[in-house]
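Read-outs throughout are calculated quantities, based only on the coordinates presented, and are distinct from any laboratory measurement. Treat the numbers as computed from the prediction; the structure is a model and nothing was measured. A quick note on method: Cβ atoms are made from the backbone with ideal geometry, for glycine too, and the neighbour counts reach across all protein chains shown.
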């Protein structure tokens, strides 16, 4: 292979969001001959020293890039994220972790598409079949019918997470892969909800929805439906917490209509003050397995509360979320235990993807190396991950 171009090393590090010091630690480049790791890395990026292959392999892992990218003649153009539906002005939305996550998702999707082609699977028949000119209530009705979503069954679940599991099973049963991913494999790479709440990769054969699992579980169902609407519109892209974009408002309205028909809001009778609204919304959200933010949004969109009240409520919910995340982090640091690794991984990947990979391995259509890419684990962990809770039926 040709010599490594220094600008490729700099590009790979910077797009991973790492400083020289952070990168040197990540690739275990230690102090030597009176030079710090960062200084040694700087020399590599200046072209004064040729990096050995073993170091390139460490860079590939730390920078979340394939090894071959380091042998390119020029840095590649920025990958296509699809549409960016996050619209709040004045915010820096660039995030190397998100770019790496989207690259990973698209790589997985390509492998999944190849497996489905080998199986001669029937593609979903709804991707790209709607427009935002369709009334939100009409599209909500179509989606609920298509996925056989029974609101009473959803609300009978004992927790927000179980309600999400019910909804996820309905969506995956119709050919959409739903993943819970909010980092690049460790909590050190967590991507804040303010950066992205959901991502949808529209594809006629292998559509994928990604939900940032850093968000509260009560919000997962709404995000899943929001991204599902994007699929019906045929749009690939990133969704955040903003609601000013026309398409985002439409997707929110459809998702809210499915989970929270306007007539149900009548049970929240006292909205005379901020404190009363806060109390009523919290009780309602807990009862119907939806997030407080979603209830407040629906009240605002239907004119039950004004913009200032909605804005104040949104701020309160966001502050509560940050406090919750900090308390959760503190508990994790104090606890030595935690959920089983494979239980967590299975839940994040979802039954549809697990079942597809199991079939592909049994049929000899993919290797364990490719299976590990699809599932986001090391090859040696593929079989333990697939060892229980599998769905072997054909799509």
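Some observations on this one:
- Annotation: extensible slack from residue 142 through residue 363 equals 76.0 nm (criterion: 0.36 nm per residue apart, minus Cα-Cα distance).
- Once the Cα atoms are used to define both axes, helix 351-362 deviates from the longest principal axis of the chain by about 40 degrees.
- Of the residues 18, 322, 375, the one that moves most in a GNM of the chain with alpha-carbon contacts below 10 Å is 322.
- The DSSP beta bridges internal to the chain are antiparallel in roughly 55% of cases.
- Working from label points 7 Å from Cα in the Cα-to-Cβ sense, the residue 318 to residue 186 distance is 3.0 nm.
- Packing-based ranking, highest mean first, of 26-36, 127-137, 228-238, 344-354 given that Cβ atoms within 10 Å are counted: 228-238, 344-354, 127-137, 26-36
- Rounded tilt (10° steps) of 160-173 against the dominant C-alpha axis of the chain: 80
- Counting 0.36 nm for each residue step from residue 73 to residue 3 and taking away their Cα separation leaves a gain of 24.3 nm.
- Relative to the longest principal axis of the Cα atoms of the chain, the long axis of helix 53-63 lies at roughly 20 degrees.
- Contour minus Cα-Cα distance for residue 381 and residue 152 (0.36 nm per residue): 78.6 nm
- Normalised contact order of the chain, rounded percent, pairs of Cα under 8 Å and 6 or more residues apart: 16
- Length-normalised contact order for the stretch 6-71 - Cα pairs under 8 Å, 6+ apart - percent: 36
- Over the chain: helical MRE at 222 nm, DSSP H runs n ≥ 4 each giving -39500 (n - 2.57), nearest 500: -16500 deg cm²/dmol
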